[in-house]
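These notes concern the structure reproduced below.
The values are calculated or read from the model by the stated rules, or taken from the named source; none is laboratory data. Computed from a predicted structure; not experimentally measured. Neighbour counts run over all protein chains shown; Cβ positions are idealised from the backbone, glycine included. Quick note on the areas: whole protein, heavy atoms, side chains included, nothing else; ligands and nucleic acids left out. Shrake-Rupley method; radii C 1.70, N 1.55, O 1.52, S 1.80 Å.
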Amino acid sequence: NFKTIVTGLKAPWEVLFLPDGQALVDERGLNGAPALTSDAMETLVALAYEGRSGTPYSYAYSSDLNQDGSAGNDLVSVPTGASDSRFDLSSLSATQVQSMLDFISSNGLSKYAGSYAPKNAFYQPWINKLDLKVSQEIPLHWNARLKLYADFTNFGSFVSKSLFNYVLRAPSTSNDVFDRRLVGNASIDNATGKIKVTSFAPGDFLIDNTMSRWRLQVGATLEF
């Protein structure tokens, strides 16, 4: 035979009988194991998008133009043409000279012809970055909760490197010139005072390969 000892419980959980025959009845969610409802098991999926213009950068020579003992930090002087009297281009072929002038024209350097390209006068390409965060809460006994999470940094690069092009540049702190593109070698002819360009081979930005990768961090926390 069965006997009803209590009614009106939403989630009966445990019965404890006392020596005198009385019974203590517990419910889930009331000082015992929480009821496993959708509200108690919170799930979070979040995407964070960052879109911005690129950071400023400078054009610099790979060599030590001003002879101060530090290479790769001297801003580029821009010739007005192949016959600019400030320059000695005799080390370059006619094809190389034309290639240099074409680069100057197509990359915004020509506006500084006759002078030098100022620090941080140029901007890197537009940046798209997408991060992903996923977390899941799991209720345990009493008031304890287990939270599992995964943080996916630079998730967009994992999905499509052409659409999400986030990279972190590797700066150079020499002479306070930071992000820069190196264009080749030049030196000062101390006899004539002219800038002698010995090579002109523009390189791409220096990229911090480690910090530019997508990264996934998973973990768990216990709250009670």
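For region 108-133, the tally of residues that are within 24 Å of SER157 (Cβ to Cβ), in a loop (DSSP other than H, G, I, E, B) and open to solvent by less than 60 Å² (accessible area, probe 1.4 Å) stands at 1.
Each residue in region 138-165 was checked for being of a type outside the set (D, E, K, R) and more than 21 Å from the chain's Cα centre (by Cα), and 9 pass.
Inspection of region 192-209 finds a residue satisfying the criterion of being in a loop (DSSP other than H, G, I, E, B), hydrophobic (A, V, I, L, M, F, W, C), within 16 Å of GLY54 (Cα to Cα) and touching a Phe, Trp or Tyr at 6+ places or on another chain (Cβ under 8 Å). Considered as a group, the residues in region 175-224 that are of a type in the set (Val, Ile, Thr) and within 21 Å of the chain's Cα centre (by Cα) include one that is modelled with the lowest pLDDT, and that residue is VAL177. Checking each residue in region 24-73 for being among the hydrophobic types (A, V, I, L, M, F, W, C), at pLDDT below 90, more than 30 Å from SER199 (Cα to Cα) and open to solvent by 40 Å² or more (accessible area, probe 1.4 Å) picks out LEU24, VAL25, LEU30, LEU36, MET41. Applying the set (1) open to solvent by 40 Å² or more (accessible area, probe 1.4 Å); (2) more than 19 Å from GLN96 (Cα to Cα); (3) modelled with pLDDT of 75 or more to TYR166 leaves exactly one unmet item: (1).
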